[in-house]
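**Student:** Quick one: the structure is below, questions incoming.
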Amino acid sequence: MASMELANRLKKAREAIGLTIGEAATKVGFGNYQALSNIEKGEREVKASELVALAKAYFCDLNRLLMAESAQEPEVHFLWRKAPAPDKKVAVEADVKHRFEQYHLLEELLGLVQEGNPRLLSVTPATIRTNPGVDALAGKVSNMLDLGSRPALALQKVMEQTLKTKILYVQLSDFGSAASTVHPVFGSAVVVNSDEAPWRINFTLAHELFHILTWDTFSATEIEQDEALFKDLEKKAERFASTLLLPEREVRAELNSRIADQKLPFSDIVDVAREFGVSTQALLYRMANMRLIPWQAADEAKSDEELLSLDRRMRREVGFEAPESERFILLAAKCLRKGLLSRGKFAELMEIDRYDIDDYLEYRGLTEAEGMTFEIVAA
């Protein structure tokens with residue numbers, strides 16, 4: 001491989017995330033920018049250790065950085081609910097794409113790669129033209145995925161295990177909210193702000209599932225360029241998520257068991273929202289959609305200080321840990337057990353110190369040893 005080919009790819013990778021030569025040199029640990037400049041000009045060979053550091057700094061998979069240009073996969077295009085600011089978007093997307101590639105690498109190592117997005121069902125513009133159509137789609141998806149009476153409790157596992165959707169939790173802070181994508185090689189993925197509360201994450205997953213199901217119905221580029229279409233699809237995604245996570249029959253049954261003299265206490269509303277794994281506001285709007293309360297009452301209640309205070313107190317009683325991409329962790333642990341990953345690489349993927357690996361595995365009920373085997377008798 002000519003050094004100039006790699007030099008050009010390194011330069012493109014740096015420019016793709018908006019770093020100057022000086023910024024990149026400092027980030028990687030070069031004594032001065034001239035060394036990196038010489039590498040990009042093809043005037044100096046890049047050392048193996050430097051290449052690893054550059055790949056990490058540029059959020060690039062090392063193997064893909066070494067690929068010939070013709071072998072590069074199509075670009076990953078994320079559809080953001082609220083995109084990061086332009087000056088942050090490039091770096092955030094580069095980081096997410098890198099995680100996406102790492103996830104795919106684990107699937108490749110274990111022989112679990114599937115092309116594209118597993119097709120659950122076909123969705124046309126006519127399918128989701130009306131609210132009843134969106135509701136029908138949510139009901140059909142719930143039945144097909146066997147989500148049960150409390151869909152929020154099963155949704156992440158089903159999306160990861162059945163649809164093979166890569167769920168990536170990232171600290172987005174003020175940079176963005178959530179995004180989804182479907183790639184012809186890597187499959188489907190959802191990016192979620194890890195700082196969100198569990199009940200908001202549940203709704204986000206359902207919301208982004210709508211975009212994954214309709215990915216071929218409207219192109220991401222078309223949606224981004226047509227503000228009216230974007231707003232319409234966002235409303236439909238909200239409707240889909242609400243109907244999916246709060247199935248009418250189950251919600252009515254739960255509310256009816258708590259209603260006395262046509263009255264429902266605030267505390268019971270919060271309790272029901274918690275039981276279904278959604279925010280209290282989401283339940284209020286679902287109740288309005290089901291014509292149990294007027295829309296005006298739902299709008300007023302979401303700002304009612306007594307309800308908000310009660311909601312904060314009752315939610316605070318339930319502790320929760322930072323969300324994790326469960327399937328990603330399980331795949332990485334499996335690769336470690338089978339000797340497909342080194343302990344150092346496992347620690348890098350989990351973003352932990354290699355000396356903490358044993359505690360990390362034990363805490364999650366995982367192991368590094370395969371153990372004895374069973375002899376399976378053919379049926």
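The values are calculated or read from the model by the stated rules, or taken from the named source; none is laboratory data. Note that the structure is predicted; figures quoted are calculated from it, not measured. Glycine also receives a Cβ, built like all others from the backbone with ideal geometry; neighbour counts cover every protein chain displayed.
**Student:** Please verify whether R252 is outside the structural domain of K89 (by TED's automatic domain parsing) and either modelled with pLDDT under 95 or not in a loop (DSSP other than H, G, I, E, B) (or both), treating the condition exactly as stated. Working first, answer last.
**Tutor:** Values: outside the structural domain of K89 (by TED's automatic domain parsing): yes; either modelled with pLDDT under 95 or not in a loop (DSSP other than H, G, I, E, B) (or both): yes.
Answer is yes for this residue.
**Student:** Can you find a residue in region 215-226 that is surrounded by 14 or more Cβ atoms within 10 Å (Cβ to Cβ) and either touching an Asp or Glu at 6+ places or on another chain (Cβ under 8 Å) or small (G, A, S) (or both)?
**Tutor:** yes
**Student:** Let me ask something additional. Could you pull out the residue among S219, S188 that is in contact with a Phe, Trp or Tyr (Cβ under 9 Å, 6 or more places away or on another chain) and closer than 22 Å to V92 by Cβ?
**Tutor:** It is S188.
**Student:** When residues of region 315-361 are filtered for being aromatic (F, W, Y) and free of Cβ contacts under 8 Å to residues at least 60 places away in the same chain, how many remain? Full working, then the answer.
**Tutor:** Step one: list which residues in region 315-361 are aromatic (F, W, Y), which gives 320, 328, 346, 355, 360.
Narrowing the set further to residues that are free of Cβ contacts under 8 Å to residues at least 60 places away in the same chain leaves 346, 355, 360.
So the count comes out to 3.
**Student:** Looking at (1) in a strand (DSSP E or B); (2) hydroxyl-bearing (S, T, Y); (3) crowded, with 24+ Cβ neighbours inside 10 Å, find the lone condition where T243 falls short.
**Tutor:** If we test T243 against (1) in a strand (DSSP E or B); (2) hydroxyl-bearing (S, T, Y); (3) crowded, with 24+ Cβ neighbours inside 10 Å, just (1) comes out false.
**Student:** Also, I was wondering about something else. K166 is checked against (1) among the charged types (D, E, K, R); (2) under 21 Å from L79 (Cα atoms); (3) modelled with pLDDT of 90 or more; (4) surrounded by fewer than 22 Cβ atoms within 10 Å (Cβ to Cβ) and fails just one. What number does that condition carry?
**Tutor:** (4)
**Student:** Using beta carbons and a limit of 6 Å, which pairs, at least six apart or on different chains, have the first residue in region 1-27 and at pLDDT below 80 and the second one acidic (D, E)?
**Tutor:** Filtered contacts from region 1-27: S3/E45.
**Student:** Out of (1) in contact with a strand residue (DSSP E or B) (Cβ under 7 Å, 6 or more places away or on another chain); (2) of a type outside the set (A, V, I, L, M, F, W, C); (3) closer than 17 Å to H211 by Cβ, what's the single condition that is false for Y169?
**Tutor:** Answer for Y169: the failing condition is (3).
**Student:** Additional query: What single numbered condition from (1) crowded, with 18+ Cβ neighbours inside 10 Å; (2) in a helix (DSSP H, G or I); (3) in contact (Cβ under 8 Å) with a residue 24 or more places away in the chain fails to hold for L233?
**Tutor:** Every listed condition holds for L233 apart from (3).
**Student:** Are there any pairs with C-beta distances below 8 angstrom linking a residue in region 210-222 that is in the same structural domain as S142 (by TED's automatic domain parsing) to a residue that is assigned to a helix (DSSP H, G or I) and among the small types (G, A, S), with the two at least 6 apart or on different chains, and if so which?
**Tutor:** Hits for this filter: F210/A237; F210/A241; H211/A237.
**Student:** Okay, next question. Against the condition under 22 Å from P323 (Cα atoms) and crowded, with 21+ Cβ neighbours inside 10 Å, how does F203 come out, does it pass?
**Tutor:** Here the answer is yes, as F203 does meet what is asked.
**Student:** For the list (1) surrounded by 19 or more Cβ atoms within 10 Å (Cβ to Cβ); (2) in a loop (DSSP other than H, G, I, E, B); (3) free of Cβ contacts under 8 Å to residues at least 40 places away in the same chain, I need the number of the one condition that D195 fails.
**Tutor:** Condition not satisfied by D195: (1).
**Student:** While we're here: Quick one: which helices (runs of 4 or more DSSP H) lie wholly within region 78-190 and hold at least 2 residues that are charged (D, E, K, R) and without any contact (Cβ under 8 Å) to a residue 60 or more places away in the chain? Step through it out loud before you land on a result.
**Tutor:** On the way: elements: 86-109, 131-145, 155-161.
Ranges flagged: 86-109.
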